[in-house]
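A.B. asks: Have a look at the structure that comes next, please.
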Amino acid sequence: MVSILDALNPAQQQAVQAIEGPVLVLAGPGSGKTRVLTHRIAYLINVIGVDPFHILAVTFTNKAAREMRERLEQLIGPGPTAGLTVGTFHSICSRILRRGIVHLGRERDFVIYDADDQERLMRRVLRSLSLDEKQYPPRAIRNRISSAKNELVGPHEFARVNRSYYDEIVTRCYERYQELLRESNALDFDDLLVETVHLLEYHPDVTAHYHDRFVYLLVDEYQDTNRAQYELIKLLAARRRNLFVVGDEDQSIYAWRGADVRNILQFEDDYPDAQVILLEQNYRSTQEILDVAQAVISGGERKHAKNLWTDNGKGRQVSLHEGYDQNDEAQQVVDEIARLIAGGDYRLSDCAIMYRTNAQSRALEEALITRGVRYQIVGGTRFYERKEIKDVLAYLRLLANPYDGVSLGRVLNVPARGIGERTESELNRWSAELGVPIYQALQELANMEGRQSPFATRTRNALLAFLSLIDELIDLVKQHDLPTLIGAVVDRVGVYEALLREYGADDGEDRWSNVLELRNVSNEYINLPREAQLATFLEEVALVADVDSLDPQKDAVTCITLHQAKGLEFPVVFLVGLEEGLLPHSRSMDDRGALEEERRLLYVGATRAKERLYLHYAFRRITYGHVNTTAPSRFLSHIPKSLLHPPIKRQQSITPQSTMFTQRSDVSSGVGKGYQKNRSSRSRASAGPTEITFAPGQQVRHARFGEGIVVSSKLVDGDEEVTVHFADQGEKRLLASFARLERVD
């Protein structure tokens, strides 16, 4: 017991030893919540004597689940850890449904559709309902349905509570979408949660089994749960009520994907006898960083206020910087990164640039490339989302379940075999007319005489050749282990030749390397019984969460959105674009709840920093092709001047109604030479030209973009905006007072 509790502070020890009944742990950023979760499990097993079989720990990502298992193996050894049930909501629901979905009239060998599969299915839904994709975008309809499922709202209830014409369209799509999912024996990610809740709600014997199985429940990131996840946990914990949840209302930033901060705020209403424990000691940041973060978050609405403190020391003051525009802002950031690296105290990988929207990365990338600074953008195309990988997986899913209509539609003409979109559309129409899945319709076609076929002879032959290929591959499943099966599939389908033909030698070889990597992954399943290898592989691949493409071993600056940055930490953090319309985002302006989530987003970003934190905003920014003068984010007004270096100089007080700056703030000093350039640029702009000095057709030179031709020029806010076409960079809009264009002639 001493060894388990010894590494914990008093509040953490209290949480670990709160064994019986509901417990709410409010864990500030960097306060060691994972340590509390793992040590509590170790305490239950080694001190209380709980069988690991009776413990369930739920996380939001596979990465978090792996990290928890690794830490537990260090604490209690691999034996007890292996007996635990640790996983994401979706993986645990999948496990429950594999056992019990038959009670809902479904088959156990269901497939799981990811986002791309769902969108393909929705396109098929729209075609079957004769709806225009441009008027009703598949992704928008799918997102609306996903939101309904997160709230446990089925098609009939959706139709009852939503009465607009657009909602009627969504209802029709929702109903047809569910019909096609069932026809393909498929579930989407939302269904995994919804169907598990239905199973536990309507089948008490199943629920009783899990009440006996899971005596102690632990849930991480409770503030990020949606309605379906909330109900699932309540059902599992209903009998014994040994529910231990960890979260932080101040870090609830995922409402856009269904998370409901009310779940954590109402925990004490659901469980009046709950113990509430605050973790306020921060192990990540310096006190200066924490003070700024707390100033931001304290300006909003909170139920449980936390006073974060640290033993890490006071540290350097947080600095605030104004750029002339997004390019100058980016240059300031890159200049400071270069200065830090040159000083020898930091590596590139110690630095992260965080922003509200992906579009902001463009100016940053340009500045990094120009300076020759290595960087990585988090959120690029992930391995399992690459086309060639999804194509091979679609073939494999067809072998496991030939009635999977989405997978069949994906590879019907991949590689190209003369089956075009018109034929696919006709095949879908005919199968719907027959009332059978597409695979069965192809079997019907095979049994027809040629003259009875609804397809021309050439088309019929192409479809039957595809059917023959699938049937041939299905026969291989029982004959080979998984790696050999994948090799046989890609060889028989002709993947290598198709990739080279479609993408050329270099790109084709790269994509072929990805296919080989997929086969390498399959080697991890070779020790399972042969009949279980394919199904287990497909399920686990489908449940791989959206893991960031962040490579912690790569010495490069990390560029990342604030939403993606949650859970990460860096010695040096730059928060850019802290302006009205960006943070808070323009979409949140009319919604108090959305505004508070924007505040929490800035808080999350600030608390990613360990040693240095830089806050940046621009005087003007080009958005949607227009140059707009900006205002600093209202959240900056909550930071006392004494906490910032250089301090903000406000010329006038903040209006209580809007808490926005009534006058533009100025900055007394800046980082290196970048700020002096910014100051002089501002003066030139304010004094701007009173007449047009550049004419269309004129040849000019720019220090970064090279030589170009003026396309147009006009006065904008007292400055001359020149549109120039550069040979290597394309068309750029530049402000004459800032761009320093030279006339070549």
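A.B. asks: For the chain, what does the relative contact order come out to in percent, with C-alpha contacts under 8 Å and a separation of six or more?
C.D. replies: 15 percent
A.B. asks: How many nm is it between the label spots at ARG163 and ASP51, if each spot is 7 Å from the Cα in line with the beta carbon?
C.D. replies: The answer from the label model is 5.5 nm.
A.B. asks: Next up: Quick check: convex hull of the Cα atoms in the stretch 240-330, volume per residue, rounded to a whole Å³?
C.D. replies: 158 Å³
A.B. asks: For a quick protection proxy, order the peptides 156-166, 403-413, 11-21 by their average other-Cβ count within 10 Å, most packed first.
C.D. replies: 403-413, 11-21, 156-166
A.B. asks: Then there's this: Starting with the highest mean, order 44-53, 202-211 by the number of other Cβ atoms within 10 Å, averaged over the residues of each peptide. Intermediate values should be presented prior to the final figure.
C.D. replies: Values: 44-53: 15.9, 202-211: 14.2.
Ranking, from highest mean packing down: 44-53, 202-211.
A.B. asks: What's the carbon and sulfur percent of the chain's accessible surface, probe 1.4 angstrom, rounded to a whole number?
C.D. replies: 47 percent
A.B. asks: Let me ask something else. Relative to the compact-globule scaling 2.2 N^0.38 Å, provide the ratio for the alpha-carbon radius of gyration of the stretch 464-504.
C.D. replies: It is 1.29.
A.B. asks: Mean 1/r over all different Cα pairs, inverted: what Kirkwood radius does the stretch 151-283 give, in Å?
C.D. replies: 17.1 Å
A.B. asks: Compare ASP719, ASP491 by solvent-accessible area with a 1.4 Å probe and give them largest first, with all protein chains kept in place.
C.D. replies: Putting ASP719, ASP491 in descending order of accessible area: ASP491, ASP719.
A.B. asks: Which lysines, if any, have their Cα less than 23 Å from the Cα of LYS732, not counting same-chain residues under 8 positions apart?
C.D. replies: Counting by Cα, and skipping residues close in sequence, LYS732 has these lysines nearby: LYS677, LYS714.
A.B. asks: What percent do you get for the relative contact order of the stretch 43-109 when only Cα pairs under 8 Å and 6+ apart count?
C.D. replies: Dividing the mean separation by the residue count of the stretch 43-109 yields 33 percent.
A.B. asks: Which value, in Å² and to the nearest 10, is the accessible area of ASP291 when all protein chains are kept and the probe is 1.4 Å?
C.D. replies: 50 Å²
A.B. asks: As a test, work out the antiparallel percent of DSSP beta bridges whose residues both lie in the chain, rounded to the nearest 5.
C.D. replies: 35 percent
A.B. asks: Could you tell me which residue out of ALA565, LEU528, LEU463 lies farthest along the dipole of the stretch 422-567 toward its positive end? Charges go on the beta carbon: Lys and Arg +1, Asp and Glu -1, centred on the Cα centre.
C.D. replies: LEU463
A.B. asks: Expressed as a rounded percentage, what relative contact order does the stretch 31-183 have, with Cα pairs under 8 Å and six or more residues apart?
C.D. replies: For the stretch 31-183, the relative contact order is 16 percent.
A.B. asks: I'm checking a number: the convex hull volume of the Cα atoms of the stretch 76-151, normalised per residue, in Å³. What is it?
C.D. replies: 148 Å³
A.B. asks: A follow-up question, please. What does the convex hull of the Cα atoms come to per residue for the stretch 22-126, in Å³?
C.D. replies: 178 Å³
A.B. asks: Once label points are set 7 Å from the Cα along Cα→Cβ at both ALA416 and ARG501, what is their separation, rounded to one decimal in nm?
C.D. replies: Placing both labels 7 Å beyond Cα along the Cβ direction yields 0.8 nm.
A.B. asks: With a 1.4 Å probe and all protein chains kept in place, how much accessible area does SER513 have, in Å² rounded to the nearest 10?
C.D. replies: Surface open to solvent at SER513 totals about 60 Å².
A.B. asks: Would you calculate a helix-derived [θ] at 222 nm for the chain, using -39,500 (n - 2.57) for each DSSP H run of n ≥ 4 and dividing by the full residue count, to the nearest 500?
C.D. replies: On the way: 30 runs with 344 residues, N = 745.
The helix-only estimate for the chain comes to -14000 deg cm²/dmol at 222 nm.
A.B. asks: Could you pull out the pairs from LYS387/LYS478; LYS234/LYS303; LYS33/LYS306 whose alpha carbons sit more than 24 Å apart here?
C.D. replies: LYS387/LYS478
A.B. asks: Is the chain best put as rounded, prolate or oblate by its Cα gyration tensor, with a ≥ b ≥ c the root eigenvalues, rounded for a/c under 1.5, and otherwise prolate when a/b is larger than b/c, oblate when not?
C.D. replies: Oblate.
A.B. asks: Quick one: grab the alpha carbon gyration tensor of the stretch 268-400, order the square roots of its eigenvalues as a ≥ b ≥ c, and give me rounded if a/c is under 1.5, else prolate or oblate depending on whether a/b is larger than b/c.
C.D. replies: On the way: a/c = 2.23, a/b = 1.10, b/c = 2.03.
It comes out oblate by the Cα gyration axes.
A.B. asks: A further question follows. Between LYS134 and ARG740, how many nm apart are label points set 7 Å from Cα along the C-beta direction?
C.D. replies: Placing both labels 7 Å along Cα→Cβ, they lie 4.6 nm apart.
The values are calculated or read from the model by the stated rules, or taken from the named source; none is laboratory data. These figures come from a predicted structure and were not determined experimentally. Using ideal geometry, Cβ is built from the backbone for each residue, glycine included, and neighbour counts are taken over all protein chains shown. Note: areas computed on protein heavy atoms with side chains; ligands, DNA, RNA excluded. Shrake-Rupley method; radii C 1.70, N 1.55, O 1.52, S 1.80 Å.
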